[in-house]
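Asks: Pasting in a structure now, in structure tokens, and then I'll have a few things to ask.
The values are calculated or read from the model by the stated rules, or taken from the named source; none is laboratory data. Predicted model only: the values in this text are computed from it and were never measured. Neighbour counts are summed over all protein chains in view; Cβ atoms, including those assigned to glycine, are modelled from backbone coordinates with ideal geometry. Protein only, heavy atoms only, side chains kept; ligands, DNA and RNA dropped before computing areas. Shrake-Rupley method; radii C 1.70, N 1.55, O 1.52, S 1.80 Å.
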Amino acid sequence: MISPFSDPAFAPGLLFDAQEAGVTRFVVAAVITDGGRVLLLRRPADDFMPGLWELPSGKVEPGEEFEKALPRETQEETGLRIDQVTAYLGCFDYTSKSGALTRQLTFEVTVEKAVPVTLTEHDDHTWADRSELPGVSDAVRELITR
């Protein structure tokens with residue numbers, strides 16, 4: 001499989017589209033599967049959007065490339081190392097806790113090993129069947145059940 005980042009116009013195209021929409025912040029998310037199930041993380045009760053199940057994801061730092069942020073954030077949140085980015089699944093926009101219009105860019109990835117999952121910012125994880133997802137947002141559900 002060819003990474004979407006191998007296309008030199010890919011990232012600039014994402015940036016251009018986001019600027020046109022007024023997006024001021026980016027988050028990258030990883031769809032990690034194991035035996036057909038997808039890894040989801042649960043947000044703690046005292047966090048923004050408490051109890052929501054989400055994909056491993058995190059903020060792209062100012063000046064950081066998406067291609068660098070994705071493995072960094074995935075490893076920080078789960079302890080898992082991305083082996084390959086296999087597809088760009090799409091994006092959705094939301095307003096962050098700070099009020100910033102944020103765009104989540106979601107990628108399908110493979111990891112070196114799917115275990116152990118080591119959580120740093122979430123209070124639980126699950127490997128969910130795509131047809132029986134726990135409480136994820138409609139946007140995440142749409143991206144991972146296509």
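Asks: Could you please let me know if Val85 is under 12 Å from Phe107 (Cα atoms), open to solvent by less than 60 Å² (accessible area, probe 1.4 Å) and not aromatic (Phe, Trp, Tyr)? Working first, answer last.
Replies: Working: under 12 Å from Phe107 (Cα atoms): yes; open to solvent by less than 60 Å² (accessible area, probe 1.4 Å): yes; not aromatic (Phe, Trp, Tyr): yes.
Yes; evaluated as a whole, the condition is true for this residue.
Asks: Something else about it: Taking the condition of being open to solvent by less than 60 Å² (accessible area, probe 1.4 Å), without any contact (Cβ under 8 Å) to a residue 60 or more places away in the chain and assigned to a loop (DSSP other than H, G, I, E, B), how many residues in the stretch 49-66 meet it?
Replies: 3
Asks: Of the residues in the stretch 116-141, how many are out of contact with any Asp or Glu (no Cβ under 7 Å at 6 or more places or on another chain) and either assigned to a strand (DSSP E or B) or free of Cβ contacts under 8 Å to residues at least 40 places away in the same chain (or both)?
Replies: 10
Asks: Another question about this same structure. In the stretch 118-138, what count of residues is obtained for those that are open to solvent by less than 40 Å² (accessible area, probe 1.4 Å) and within 14 Å of Ala29 (Cβ to Cβ)?
Replies: The qualifying residues number 3.
Asks: Which residues, taken from the stretch 94-109, are at pLDDT 95 or above, closer than 22 Å to Arg146 by Cα and touching a Ser or Thr at 6+ places or on another chain (Cβ under 7 Å)?
Replies: Matches in the stretch 94-109: Gln104, Glu108, Val109.
Asks: Scan (1) closer than 20 Å to Glu142 by Cβ; (2) of a type in the set (Gly, Ala, Ser); (3) under 12 Å from the mean Cα position of the chain (by Cα) for the single condition Gly58 breaks and write down its number.
Replies: Single failed check for Gly58: (1).
Asks: Got a sec? Which of Phe92, Phe107 is surrounded by 13 or more Cβ atoms within 10 Å (Cβ to Cβ), under 21 Å from Asp7 (Cα atoms), out of contact with any Gly (no Cβ under 8 Å at 6 or more places or on another chain) and among the aromatic types (Phe, Trp, Tyr)? Steps first, answer last, please.
Replies: On the way: Phe92 fails: under 21 Å from Asp7 (Cα atoms).
From the options Phe92, Phe107, the qualifying one is Phe107.
Asks: Yes or no: Glu112 in contact (Cβ under 8 Å) with a residue 24 or more places away in the chain, touching a Lys or Arg at 6+ places or on another chain (Cβ under 9 Å), farther than 14 Å from Gly58 by Cα and open to solvent by 60 Å² or more (accessible area, probe 1.4 Å)? First the steps, then the outcome.
Replies: Values: in contact (Cβ under 8 Å) with a residue 24 or more places away in the chain: yes; touching a Lys or Arg at 6+ places or on another chain (Cβ under 9 Å): yes; farther than 14 Å from Gly58 by Cα: yes; open to solvent by 60 Å² or more (accessible area, probe 1.4 Å): yes.
It is true that Glu112 is in contact (Cβ under 8 Å) with a residue 24 or more places away in the chain, touching a Lys or Arg at 6+ places or on another chain (Cβ under 9 Å), farther than 14 Å from Gly58 by Cα and open to solvent by 60 Å² or more (accessible area, probe 1.4 Å).
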